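Here's the structure, in structure tokens; my notes come after.
Derivation of every value follows stated rules applied to the coordinates shown; laboratory data play no part. Note that the structure is predicted; figures quoted are calculated from it, not measured. Quick reminder, even Gly has a Cβ in these numbers, built from the backbone with ideal geometry, and neighbours come from all protein chains shown.
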Amino acid sequence: MTAKATRYLYLARHGEATADESELTENGRRQAQLLGDRLRDVPLTAVHHGPLPRAAQTARLIGDRLKDVPVRQVEAAGDYVPYVPGKEELPADAAERLLAFLEQFTAQEREEGAALAREAEERFTGPVDGTEDRHELVVTHNFLVGWLIRAALDAPPWRWLGLNHCNAALSVIRYTPGRAASVLFYNDMSHLSEDLRWTGFPPEARA
């Protein structure tokens, strides 16, 4: 039997981006640097990021604060819709609003997103082969963070909707052999100064 060890998956949304999403704002760059400082003493084996500029730039800035940790682009860490539910899956009082939101995505985008979500789960979740624990960071987007948190909690597939993650906030999931996945914390911003918190989050839900 192949030995299995614990995986610690660190999930971060990219830093605050400009209106055209072509790069980070000054706040976004500072958010990424502060997140890198927080992770400096974590024994990360890799930083994975999606292909869009705001995620790639965030990952590079984090990587600059780390020591000899490879930074790698992975398409499955990108920005896409992981799952589109049928109306019958959704709470009756929220179904129309949620389906209206999802209508903006084409059939091709939905199909490609579902395939990438499966790839992300296969690549980033679950215990790892071997005897050494693994710590990995994925710099991604709001939708994938919600999808992987939902999966760790065994929530229904549609429940990625409504899980919002702030820019450069941190979530950590632990996958231990023989045990259910454990969300150690979610959307943590303690490494960010007060003026850099809550960006990218719906204004009505800010604390």
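Sorted ascending by nearby beta carbons within 10 Å, beginning with the fewest, Ser182, Ser171 become Ser182, Ser171.
Counting 0.36 nm for each residue step from Thr125 to Ala100 and taking away their Cα separation leaves a gain of 6.0 nm. The range 123-207 has equivalent-ellipsoid semi-axes of 25, 16, 10 Å, by the square roots of 5 times the alpha carbon gyration tensor eigenvalues, sorted largest first. Computed from the Cβ-Cβ distance with R0 of 45 Å, the FRET efficiency linking Ala92 to Arg65 stands at 0.45. Taking Glu136, Glu109, Glu16 in turn, the Gaussian network model of the chain (Cα-Cα springs below 10 Å) assigns the largest fluctuation to Glu109.
Of all the C-alpha pairs in the range 1-74, what % are more than 22 Å from each other?
Details: 649 of 2701 pairs.
The proportion of pairs with Cα distances above 22 Å equals 24 percent.
Peptides 184-193, 141-150 ranked from most to least packed by the mean count of surrounding Cβ atoms within 10 Å: 141-150, 184-193.
Please work out the FRET efficiency for the pair Leu184 and Thr2, using the Cβ-Cβ distance as r and a Förster radius of 25 Å; give the result to the nearest 0.05. Let's see the in-between values first.
Numbers: r = 25 Å, r/R0 = 1.01.
About 0.50, to the nearest 0.05.
With the alpha-carbon atoms of the chain aligned to their principal axes, the span from lowest to highest coordinate is 50, 47, 32 Å, starting with the largest.
For the residues Thr18, Thr125, Thr140, a GNM of the chain with alpha-carbon springs under 10 Å puts the largest fluctuation on Thr18.
Stretched out fully, how many nm does the piece from Glu112 to Asn164 gain, at 0.36 nm a residue minus the Cα gap?
Value of the extension gain: 16.5 nm.
Among Val128, Val139, Val42, the residue with the largest mean-square fluctuation in a Gaussian network model of the chain, with springs joining Cα atoms closer than 10 Å, is Val42.
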